[in-house]
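The values are calculated or read from the model by the stated rules, or taken from the named source; none is laboratory data. No experiment lies behind these values; they were computed from the predicted model shown. Please note: Cβ atoms are built from the backbone with ideal geometry, for glycine as well, and neighbour counts cover all protein chains shown. All accessible areas refer to the heavy atoms of the entire protein, side chains included, with ligands and DNA or RNA removed. Shrake-Rupley method; radii C 1.70, N 1.55, O 1.52, S 1.80 Å.
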Amino acid sequence: MLKGLLAPLKPRGFSASLVGCSIIALTAASPAQALTIVRNFVGGNPAPKIAGGGNIVDVFNAAADSWEAAIQDDYTLILNYAWEARRDGSLASYANQGSDRNPPFRNTEGLILFNNDDSYRWFLDSSPWESSEYQTFSTSTQDLGQGDINVERRWTSPSGDAVGRFDLYNVALHEIGHGLNILARNRQFKRETLIDRDIDLTAPRPFAGSSIPITRKGGGHLKLPEAALSPFLAPGQRRMLSEVDILSSAQVSDFTQLNLNPQLMGQETPPMQPVPEGNAALALLLSAGALGASRKLHRR
């Protein structure tokens, strides 16, 4: 949940020349048209409470690949990311560093900082392109005005190092979504949500006429507890991109070439299971910030 609209910043102690890893990845949808996320790891000391055997570069790449598989419009976004302590206590933050000057005012560059103080136990998956550390996959839909839209694709029942830890893949997926214009400071997002506090889907995007609710405080998040772009996350779970996450970014950003059910990095679609009633109640509590185990996902 947003604590204040602050000016974009660059990570303290880093300079633009400290680029440890720069990777450009394209979806295979079309050689002439595809989302391109340029990823620059700019350093910082890893958080002290890490398990899983993975590293931040591989995990971040997997999250970026997931968004590239979903959005296939011709668009380039530069994302710089690093480890740095977050004074506001959030898991991570996004700060915009550049935007197009004309509608839809898409972000062109941003900075993502992952909290490296000793407040959090992080899970860095050694194989982030699959979710074998989680045993249960749940999905659910909601009618937002024009038929049932998928609002949840979520792995739970963690095992091994994933138990009781925050999944960095999940957090990266969320913050990249802010880079893809679900962001309170984005001018088009403000225009879309200022009056009615929702994102109204229009053609040619699917489910035209549906309205996706956003959080009333701070904005920049979806008011759907199990969406990847919900403002709260509990440890021991992994949220994948849902249809509503993809559609919200597409509407604000004027994307039209979408894959609402991306097969992420070759992973097979798991068997669908309904959300148990108890888990649904827990999700509502998390969205209200009522559980100490949940943590805020911060953006600017």
Check: Can you name the strands (runs of 3 or more DSSP E) wholly within the range 96-159 that have at least 3 residues being at pLDDT 95 or above, out of contact with any His (no Cβ under 7 Å at 6 or more places or on another chain) and closer than 20 Å to Ile56 by Cα?
Finding: 107-114
Checklist line | Search result, residues across the range 194-231 that are among the hydroxyl-bearing types (Ser, Thr, Tyr) and open to solvent by 10 Å² or more (accessible area, probe 1.4 Å) | finding: Thr202, Ser211, Thr215
Check: Tell me, which residue of the range 93-126 that is in contact (Cβ under 8 Å) with a residue 24 or more places away in the chain and out of contact with any strand residue (DSSP E or B) (no Cβ under 9 Å at 6 or more places or on another chain) is least open to solvent (accessible area, probe 1.4 Å)?
Finding: Pro104
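Yes/no matrix, rows are residues, columns are (1) part of a loop (DSSP other than H, G, I, E, B); (2) at pLDDT below 95:
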| residue | (1), (2) |
| --- | --- |
| Leu241 | yes, no |
| Ile246 | no, no |
| Val252 | no, no |
| Thr256 | yes, no |
| Pro262 | yes, yes |
| Met265 | no, yes |
| Glu268 | yes, yes |
| Pro271 | yes, yes |
| Ala281 | no, yes |
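For Arg191, are the conditions met, namely being modelled with pLDDT under 95, charged (D, E, K, R) and either out of contact with any His (no Cβ under 6 Å at 6 or more places or on another chain) or surrounded by fewer than 21 Cβ atoms within 10 Å (Cβ to Cβ) (or both)?
Judged against the criteria, Arg191 is a match.
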Next item on the list: Spot the failing condition for Glu130; the list is (1) surrounded by fewer than 19 Cβ atoms within 10 Å (Cβ to Cβ); (2) under 18 Å from the mean Cα position of the chain (by Cα); (3) over 18 Å from Asp167 (Cβ atoms), and only one is missed.
Entry: (3)
Checklist line | Selection status of Ala51, within 25 Å of Ser249 (Cα to Cα), of a type in the set (A, V, I, L, M) and touching a residue at least 12 places away in the same chain (Cβ under 8 Å) | finding: no
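Trp83: over 23 Å from Asp254 (Cα atoms) and of a type outside the set (Gly, Ala, Ser), yes or no?
Yes, satisfied.
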Margin query: Please determine whether any residue of the range 199-219 is part of a strand (DSSP E or B) and small (Gly, Ala, Ser).
Written below: yes
Next item on the list: Scan the strands (runs of 3 or more DSSP E) fully inside the range 12-89 and keep the ones with 1 or more residues being of a type in the set (Ser, Thr, Tyr) and at pLDDT 95 or above.
Entry: 35-41, 75-83
